[in-house]
Structure formats: structure tokens, C-alpha cells
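*Asks:* The following block contains the structure, expressed as C-alpha cells.
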Amino acid sequence: MDDARDQLDTTCRMAAALALMGGLSAVVLPPSRWTLLAVALLLASVLTYRSAIGAAEGYGRLVNAAVNLHRFDLLTAFRLPLPADPAEERDRFRTLSNHLRQGLPVTGPYEHRSP
């Protein structure tokens, strides 16, 4: 997970830096041979951006796998009872997602037990 996140951060920063350098060089440098440098930097920015999209997809797959593997541990940490069936699980996680994303109250049973 750390390596995937580092790759995502690096490619995003590189794409932004290359785009900024390409835009600045197009404005600041005189239009002659230097125009080729600006075009090359902007092209490198586009390629790096495409690489960042691939890194984001890979990171998203890893996060999805981690959540799927530890979803019951998450319910236990929030002191919510484990669901009885897949439909109840979907409802419970929909409620929990709304709580985390929008601050809506968590409805349903609450289990206070010792860890």
C-alpha cells in the first residue's frame, strides 16, 4: 500500500511540476528554439498524468481489497454488530458510509463490549 501511494504521489507531483515548467517556459522564454522545450515539457506532463491515472487505479484496487478483507474488523471497531446476511451488510455499510462522509447519525443496534 505504501509503495502504491508513493507512486501515486510522485506521478501527480511530477505531472504538475512539468505542466508548470512547460507553461512558464512558454511564457517567459523567447519563441524560437525554446518553444520546443516548452512543448517537450508539456508533452512529458501529459504522459506523466496518464501514468498517474494508472497509479491511482492500482492504489484504488489495493484500498478496495484492504477494505474487503477487514470490513468486519471495521464494524467491530465501530462497536456495531456483525450482519446476519449480505443484504444487512450492505445496509450497515451504507449507513456507516453516510455517517463518515456526511456526519449522518448511525442508526441500528450498538454493542458495547470489551475488546
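The values are calculated or read from the model by the stated rules, or taken from the named source; none is laboratory data. Note that the structure is predicted; figures quoted are calculated from it, not measured. Here the Cβ positions follow ideal geometry from the backbone for every residue, glycine too, while neighbour counts run over all protein chains shown. With ligands, DNA and RNA removed, areas are computed over all heavy atoms of the protein, side chains included. Shrake-Rupley method; radii C 1.70, N 1.55, O 1.52, S 1.80 Å.
*Asks:* Give me the 1.4 Å probe accessible area per residue for the chain, excluding ligands and nucleic acids, in Å². Don't skip to the end; give the middle numbers.
*Replies:* Values: 8480 Å² over 115 residues.
Heavy-atom SASA per residue in the chain reads 74 Å².
*Asks:* Right, here's the next one. Within segment 1-84, list the trypsin sites (Lys or Arg not before Pro) lying in a DSSP loop whose Cβ has at most 16 other Cβ atoms in a 10 Å radius.
*Replies:* ARG33, ARG79
*Asks:* How far is helix 34-69 tilted, in degrees, relative to the longest principal axis of the Cα atoms in the chain, given as a value from 0 to 90 rounded to the nearest 10?
*Replies:* Between helix and principal axis, roughly 10 degrees.
*Asks:* Right, here's the next one. What is the ratio of the Cα radius of gyration of segment 54-109 to 2.2 N^0.38 Å, where N is its residue count, to two decimals?
*Replies:* 1.26
*Asks:* What is the log10 of I(q)/I(0) for segment 27-67, computed with the Debye formula using one identical point scatterer on each Cα and no solvent, at q = 0.20, 0.35 Å⁻¹?
*Replies:* The calculated log intensity ratios at q = 0.20, 0.35 Å⁻¹ are -0.66, -1.03.
*Asks:* Evaluate E = 1/(1 + (r/R0)^6) for ARG5 and LEU82, where r is the Cβ-Cβ distance and R0 equals 25 Å; express this FRET efficiency to the nearest 0.05. Can you show the working numbers first?
*Replies:* Values: r = 29 Å, r/R0 = 1.18.
In this case the efficiency is close to 0.25.
*Asks:* Using θ = phi - 60° and the Karplus relation 6.51 cos²θ - 1.76 cosθ + 1.60, list the HN-Hα couplings for segment 84-97 in order, rounded to whole Hz, with x at every Gly or Pro.
*Replies:* With coefficients 6.51, -1.76 and 1.60, one gets 8, 8, x, 5, 5, 4, 4, 5, 4, 6, 5, 5, 5, 4 Hz.
*Asks:* Using only DSSP helix segments of four residues or longer, with each worth -39500 (n - 2.57), what per-residue ellipticity at 222 nm results for the chain after dividing by its residue count and rounding to 500?
*Replies:* It lands at -26500 deg cm²/dmol.
*Asks:* Tabulate in residue order the Karplus-calculated ³J(HN,Hα) for segment 19-28, using 6.51 cos²θ - 1.76 cosθ + 1.60 with θ = phi - 60°, rounded to whole Hz; enter x for Gly and Pro.
*Replies:* With coefficients 6.51, -1.76 and 1.60, one gets 5, 5, 5, x, x, 5, 5, 5, 7, 7 Hz.
*Asks:* Hey, another quick one. Ignoring ligands, DNA and RNA, what percent of the 1.4 Å accessible area of the chain is carbon and sulfur?
*Replies:* Solvent-exposed carbon and sulfur of the chain make up 63 percent of the total.
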